[in-house]
Structure formats: structure tokens, C-alpha cells
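All remarks here apply to the structure that follows.
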Amino acid sequence: MAIENRKVTVTVNGQERSAEVEPRKLLVHYLRDDLGLTGTHIGCDTSQCGACTITVNGDAVKSCTMLAVQADGAEIMTVEGLGTRNELHPMQQSFWEEHGLQCGYCTPGVMMAMIGLLKENPNPSEEEIREGMEGVICRCTGYQFIVSAVQKAAKIMAEANEKNDQKVAASQLVGEGNL
Amino acid sequence: MIPVKFDYTHAETVDEAIKLLQESGGEGKLIAGGHSLLPLMKFRLTEPGVLIDISRIDQLKEVKKEGDRMIVGALMTHNEASKHPLIKEHVPLLADTVRQIGDLQVRNRGTIGGNIAHADPAADLPAAAVVLEAEVIVQGEDGEETMGIDSFIIGPLITMLPENSIVTGISFAIPPAHTKSVYLKYFHPASGYPVIGVAAVAGVGADGNIDYIRVGITGVGDIAFRAESVEQTLLGQKPSKALIQQAAKLAAEEGEMGSDLFASAEYRENLCRVYTERALSSILL
Ligand SMILES: Cc1cc2nc3c(=O)[nH]c(=O)nc-3n(C[C@H](O)[C@H](O)[C@H](O)COP(=O)(O)OP(=O)(O)OC[C@H]3O[C@@H](n4cnc5c(N)ncnc54)[C@H](O)[C@@H]3O)c2cc1C
Ligand code: FES
Ligand code: FES
């Protein structure tokens, strides 16, 4: 049986990408091998370790357990989409400052899983952060420093949101002629 | 790990999915979240010729309350179901159970319908399904039919899903308003799947006696079961520590304990007692 490739269009880190892919191609292989986004790692390949975690439409997902064809039409973010070297994302900044990594192998997946967690719950307790890490494995840190980093990131992100909200509220007032 | 070659199509509607199944001549396999199917395909334990992606059928993502039943669309993910206001309010046991499945990433992809259709003997959801007297809503070539959970899942990974049909939703009984519920799970530390999971709903009437009780157990054998001996021992009695201990001793009665590399049958029998006692104590004492 001849099997046709399928056209897949996805937005990856804000950029639209289109490709003809073999149906059996895993999303993680599409990202790494076809798009060269090797920040997304493969640890176990059996859906356990979470090193391959990315977000799909904002939700944390293990990209080794999804086909590229299933992602057609989706918005994808990988660790490369978080921040730049000069302007780190609060999650990256906090991992750096709190020493949330040692070898760094798990780190991209852990950060993306935690981005997914903070979307669900922007103000998690320490226990909720630990529960949120069920789907990732880190062989180095013992997790404590990761928890501290996520707590810090959550705080920075919440403050940034608050400022943003104030700005939006102020601009609405201006718009309404109240200021 | 890469699966063997297969073809891929997707369906926009239930009818289209059925048609694609028919056209595939037995080669087609539905894929929803893929979190049971893809791991098997990567290990090449299953090699379907065509995957029919149903994840874009929006009508299967709805939740509605119909009288004393909650109808949950097959494509609701575990995460969505755990947060859904109607589910949290009327069938908190369901929300509680799916919240304990796997991890956040798994709950973002895995679906209620896929969990039931896969019939994994170690899945969490079947415990809640037997307790909430679930009915599986199936759409096939000859229209819709409803199958009780006991006549749908009949063995490990074995269901009575008719050929060329699709599970569109699961209907759960809404327990009486005065009841409390719990899902208590002892998970395998590596896989996250339950070595045992006990789902229970219990209510105490105005006279102080137990007037509603359902206990379901999953993970210990080939299939989830209702612990009816436990229920009968408790019904009509005043809840007490001694009574719950006595009832929990019968927890393994209706089940067949499996023995594997995770746990021996004796150990599982003991887990049935211990986890049933803990689950019931948490809602009755
Ligand atoms: C790392 C990991 C940990 C997990 N931990 C747990 C756990 O702790 N507890 C637990 O219960 N589960 C666990 N799971 C399984 C998870 O819940 C699955 O997502 C779920 O069992 C299957 O849902 P799915 O949508 O992914 O189904 P799929 O994988 O897409 O499909 C599974 C099977 O069901 C069929 N199917 C799917 N939808 C339908 C439908 N609507 N009608 C008819 N047939 C259908 C498919 O053809 C296939 O045969 C885990 C999975 C992973 C990868
Ligand atoms: S590589 Fe995907 S979970 Fe480990
Ligand atoms: S930092 Fe090495 S595995 Fe997490």
C-alpha cells in the first residue's frame, strides 16, 4: 500500500510552518529533525520522562507521544520560543537564578511543563508545583531547586500580569475620556 | 521508537468516522488522544493500517446534564473533565478520579472515551465508571445504542464495541445530593497507573444509618468490579470504625486478584482491604 505524506501546517514559536510529513512521524522528530529545534529533548521515548514536553495550544504535551499530523493547525511553543539570550523569559531567568538545573538535559521539558502548569494555575502552592512535576523526571537536582525556580517565575509572571492589567485598565479609562 | 508505516485520515463528524472505518476494511483504528494507542504502536505491539483521527469532532467534546445522569462527550480530555463545573458539582467522583490519572501532560491529551474504549485493566476511570453505573453510548452502522459498563468492558483490553462504531459519550449516574465520594489510588511509582484504585460514594440518612453506598475497585485484576459484599455489609448500618473494618475485609470478594511483577495476588488482596477501609473512613467517619 502506497502511503501518502500529509500536509501539516503549524505555528511554531509564532512562525507558520508547513510541510509534507509521513503520518508516522512523531511531533518531536518533526521539531528536532525537520525544523532543527533541538531544544526539545528525547529522554525515554516511552512517555515517561517529559524531556520532550512542549505546549500545544497552550497545554503541556509530551511531543514523543503525538504525531506531527495530529498537530495540524495547532500553535506550538518549544523552549526556543520562551525568551532570547538578551531577554530571558521569567521561567529561564528564575531557573538561572535559583540554580534549577545541573546537567540541563531535562530542563527544556521541565520549563515547558511548568509553563503549562502556570497556565492552569498561575499561583500554585509548593505542593501543587510538585504535583505538576509528576510528568517530568530530573536525574540531577533532586527537584528542590526546580520548585524554588518555579515559585520565583510564578511570582514574576503574576506581577508582570498585574502591571499589564493596570496598563490595560488605564488605557481603557483614557479611551473612555475619564483621565 | 517509530511505529510501522500507516495511513492517516481524519473525520469531522461521527458519520464520517463510521464511513472511514467501513472503507478501511478492518484496517482502520480510531485515534483520540493517542496516549494509549501511540505507545503501543511505538512498541509495534499493534500495527493498524489506517489511523482515523476523531479528535476534531467538536460535538464529542460536550458535557450535559440530563435528569439524573451526566453525559460526558467521548473526546473530553481528562484535564477538561477534572475542571468542568457541571462535573465538579454533580459527579465530583469523576473529577476526582480523572485528576489522578497519569500526569498533567497525559491528562491534556488522554480522553474519557479513549480510556473506556481501551479497557486497560490498570486504568483509573473504570472504578468510577462501575460506581457511577456508567453507560457507554455507541454510534454504529445501525444507529445509536447504549451499553452498560459491565457489558461493554468484558476483559483486559477487551470490549464489546461493535465493528465500525465509535463511542460518542459516557453517561454517568448522578449520586444523591447528600452523598460524599472519594477516589483513593495507590499508584505504581514508575508508571503512575494504579496498583489499586478504590472509588466510593456513600450517604448517611436522617436516621444516622448508611442509606447509599457504592464501592468500585480497579487495578488489581483483569477488570474493575463493584465490591458488593462491602456494600451489603454497610447498607442500613450506622457508620463506625469497627463496621468499616469488618466490611473492608470483604473488599476482594467479587474480584479476581492478578499476580504480576508489580504485586502478588496476596498483596493485592491486602491492598483491597486497606484502601477500601481508608476510602470509606474518609467519607463516612
Ligand atoms: C505516561 C502515561 C501515563 C498514563 N497513566 C494513566 C493512569 O494513571 N491512569 C489511567 O487510567 N490511564 C493512564 N494513561 C492512559 C491515558 O489515560 C489514555 O489517554 C487513555 O487511556 C486513552 O485515551 P486516549 O484518548 O489517549 O485514547 P487513544 O490512545 O487515542 O485510543 C485508545 C484506544 O481506544 C480507541 N478509542 C479511542 N477513542 C475512541 C472512541 N471515541 N470510540 C471508540 N474507540 C475509541 C482507540 O481506537 C484505541 O484502540 C496513561 C498514559 C500515558 C502515556
Ligand atoms: S521522551 Fe517523551 S516523555 Fe520521555
Ligand atoms: S538537570 Fe540533569 S536531568 Fe535535570
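The values are calculated or read from the model by the stated rules, or taken from the named source; none is laboratory data. Since this is a predicted model, take the numbers as computed values, not measurements. Using ideal geometry, Cβ is built from the backbone for each residue, glycine included, and neighbour counts are taken over all protein chains shown. Keep in mind that these areas ignore ligands, DNA and RNA; they rest on the heavy atoms of the full protein, side chains included. Shrake-Rupley method; radii C 1.70, N 1.55, O 1.52, S 1.80 Å.
Of the residues B:A224, B:A247, B:A263, B:A252, the single one that is under 21 Å from B:G155 (Cβ atoms) and open to solvent by less than 10 Å² (accessible area, probe 1.4 Å) is B:A263. Considering only residues of the range A:50-88 that are within 13 Å of ligand 1 (Cβ to nearest atom) and among the polar types (S, T, N, Q), which is farthest from A:M133 (Cα to Cα)? That would be A:Q70. The residue pairs whose first member lies in the range A:101-117 and is within 14 Å of chain B (Cβ to nearest Cβ) and touching a residue at least 24 places away in the same chain (Cβ under 8 Å), whose second member is in a helix (DSSP H, G or I) and within 11 Å of ligand 2 (Cβ to nearest atom), and whose beta carbons are closer than 8 Å, counting only pairs six or more residues apart or on different chains, are A:A113/A:G135; A:A113/B:Q105; A:G116/B:Q105. Among the candidates B:H84, B:H90, the residue that is open to solvent by 20 Å² or more (accessible area, probe 1.4 Å) and within 26 Å of B:S151 (Cβ to Cβ) is uniquely B:H90.
Mind listing just one residue for me: the one in the range B:10-51 that is facing chain A (nearest Cβ under 10 Å) and free of Cβ contacts under 8 Å to residues at least 40 places away in the same chain and, of those, nearest to the chain's Cα centre (by Cα)? So, considering only residues that are facing chain A (nearest Cβ under 10 Å) and free of Cβ contacts under 8 Å to residues at least 40 places away in the same chain, the one nearest to the chain's Cα centre (by Cα) is B:I31.
The residue of the range A:89-120 that is farthest from ligand 1 (Cβ to nearest atom), among those that are over 14 Å from A:K155 (Cα atoms) and among the β-branched types (V, I, T), is A:T107.
Going through (1) surrounded by fewer than 24 Cβ atoms within 10 Å (Cβ to Cβ); (2) assigned to a helix (DSSP H, G or I) one by one, B:A128 falls short only on (1). Of all residues assigned to the range A:71-83, at least one qualifies as being more than 16 Å from ligand 2 (Cβ to nearest atom), within 14 Å of chain B (Cβ to nearest Cβ) and open to solvent by less than 20 Å² (accessible area, probe 1.4 Å).
The residues in the range B:93-125 that are among the charged types (D, E, K, R), surrounded by 24 or more Cβ atoms within 10 Å (Cβ to Cβ) and more than 7 Å from ligand 1 (Cβ to nearest atom) can be counted, and the count is 1. In the range B:168-198, of all residues being open to solvent by 10 Å² or more (accessible area, probe 1.4 Å) and more than 23 Å from B:A227 (Cβ to Cβ), the one that is farthest from ligand 2 (Cβ to nearest atom) corresponds to B:A177. Can you tell me which of A:E126, A:E131, A:E97 is within 14 Å of another protein chain (Cβ to nearest Cβ), at pLDDT 95 or above and open to solvent by 60 Å² or more (accessible area, probe 1.4 Å)? Answer to the check: A:E131.
For the criterion of being of a type in the set (D, E) and in contact with a strand residue (DSSP E or B) (Cβ under 9 Å, 6 or more places away or on another chain), B:E47 fails. Does the range B:36-54 include one or more residues that are in contact with a helix residue (DSSP H, G or I) (Cβ under 6 Å, 6 or more places away or on another chain), part of a helix (DSSP H, G or I) and open to solvent by less than 10 Å² (accessible area, probe 1.4 Å)? Scanning the range B:36-54 turns up at least one residue that is in contact with a helix residue (DSSP H, G or I) (Cβ under 6 Å, 6 or more places away or on another chain), part of a helix (DSSP H, G or I) and open to solvent by less than 10 Å² (accessible area, probe 1.4 Å). Once the range B:195-219 is narrowed to residues that are in contact with a Gly (Cβ under 6 Å, 6 or more places away or on another chain) and part of a loop (DSSP other than H, G, I, E, B), the residue that is nearest to B:I154 (Cα to Cα) is B:G219. Looking across the range A:14-69, the residues that are out of contact with any strand residue (DSSP E or B) (no Cβ under 7 Å at 6 or more places or on another chain), facing chain B (nearest Cβ under 10 Å) and in a helix (DSSP H, G or I) come down to A:H29, A:T65.
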